[in-house]
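The structure under discussion appears below in the form of structure tokens.
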Amino acid sequence: MTNDVIQQQIEYYRARANEYDRWFYRIGRYDRGEELNRRWFDEVAILKSALHQIKPVEHILELACGTGIWTQELLQIGQQITAIDAASEVIEINRQKLQSPQVKYQQWDLFTWEPEQQYDLVFFSFWLSHVPPMLLNSFLQKVYRSVRIGGQIFIIDSRFEPTSTAKDHVLKNDGSIYKLRKLNDGQEFQIVKLFYKPDELKKELAIAQFKTEVKVTENYFIYARGKKVTT
Ligand SMILES: C[S@@+](CC[C@H](N)C(=O)[O-])C[C@H]1O[C@@H](n2cnc3c(N)ncnc32)[C@H](O)[C@@H]1O
């Protein structure tokens, strides 16, 4: 089941590559009207402001980089970015959008990826919620190994809020980690989507030995900033 869902998630994002940004920029099926859209972008501004409090660093690792929505922010913080994603279609959009020699892309399934070096900052957004619980600890341990001592992590993810998803998705609070996702052409995929509460996320990151501060925005987002303090 776990391997199957990992593959479905990759296929889902490959097929969704061209429509992914519509979610973040609240277009089409994701347009929730002026007031809710404003709320969304106000909360995105809080995330960006928290991220940009990080002082400039040399080398950033971005995991599950997607189409570049956050890679472009990271370019303002790091001299070099290594951006990893499993979906070649998504990487291509990111590459075309940013056209930056400072960003080097790698195509990896993060569940088979092993860090080859250590970075000053490791960042991932809207990714941890797709990591199946039984693989969470081993994934976070790899993240830990990929951060240098004194280096940082910054994580962004979704809070449970039904208006964050498309108008034709009903987000049920039914305790299931599996969600059905539909594309514009009607194709359906089963994916994992977890909604961490701050204390749960803090606990998981502490198990992986990160010292973190976890915050939420009013409706839509959870974010964590952490440090690797020991070997
Ligand atoms: C919700 S998107 C987030 C993208 C980006 N971080 C952002 O915030 O815009 C999840 C990303 O994870 C990638 N992904 C899915 N399964 C993966 C896997 N097993 N290994 C690496 N990347 C994967 C998808 O291709 C997609 O780009």
Some residue of the range 106-123 being in a helix (DSSP H, G or I) and without any contact (Cβ under 8 Å) to a residue 12 or more places away in the chain: no
- request: Looking for whichever is within 17 Å of the chain's Cα centre (by Cα) and aromatic (F, W, Y) here; the options are Y196, Y119. Which one fits?
  value: Y196
- request: Spot the failing condition for I84; the list is (1) under 21 Å from S158 (Cβ atoms); (2) more than 8 Å from the ligand (Cβ to nearest atom); (3) of a type in the set (A, V, I, L, M), and only one is missed.
  value: (2)
statement: For F139, the lone unmet condition from (1) farther than 17 Å from A224 by Cα; (2) free of Cβ contacts under 8 Å to residues at least 40 places away in the same chain is (1)
- prompt: Under the condition of being of a type outside the set (A, V, I, L, M, F, W, C), crowded, with 21+ Cβ neighbours inside 10 Å and in contact with a strand residue (DSSP E or B) (Cβ under 7 Å, 6 or more places away or on another chain), which residue from the range 59-84 is farthest from F126 (Cα to Cα)?
  reply: G78
task: Give the residues of the range 87-101 that are within 16 Å of the chain's Cα centre (by Cα) and more than 8 Å from the ligand (Cβ to nearest atom), sorted by residue number.
output: I91, N94
- prompt: Restricted to the range 124-151, and to residues that are under 23 Å from W23 (Cα atoms) and in a helix (DSSP H, G or I), which residue is farthest from the ligand (Cβ to nearest atom)?
  reply: L128
- request: For K104, indicate whether it is more than 14 Å from the ligand (Cβ to nearest atom), at negative phi and among the charged types (D, E, K, R).
  value: yes
field: Those residues of the range 178-221 which are over 14 Å from I155 (Cβ atoms) and of a type in the set (S, T, N, Q), in sequence order
entry: N184, Q187, Q190, Q209, N219
query: Among the residues of the range 33-43, is any closer than 30 Å to M134 by Cβ and crowded, with 16+ Cβ neighbours inside 10 Å?
result: no
message: Going through R14, R32, R22, R38 one at a time, which residue ends up being within 8 Å of the ligand (Cβ to nearest atom) and of a type in the set (D, E, K, R)?
response: R14
- request: Pairs only if they're at least six apart or on different chains, beta carbon under 7 angstrom, first in the range 76-91 and in contact (Cβ under 8 Å) with a residue 12 or more places away in the chain, second among the basic types (K, R) and part of a helix (DSSP H, G or I); list them, first residue then second.
  value: A87/R14; E89/R14
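Coordinate-derived values only; no laboratory data. Since this is a predicted model, take the numbers as computed values, not measurements. As a convention, Cβ positions derive from the backbone with ideal geometry for all residues, glycine included, and neighbour counts pool all protein chains shown.
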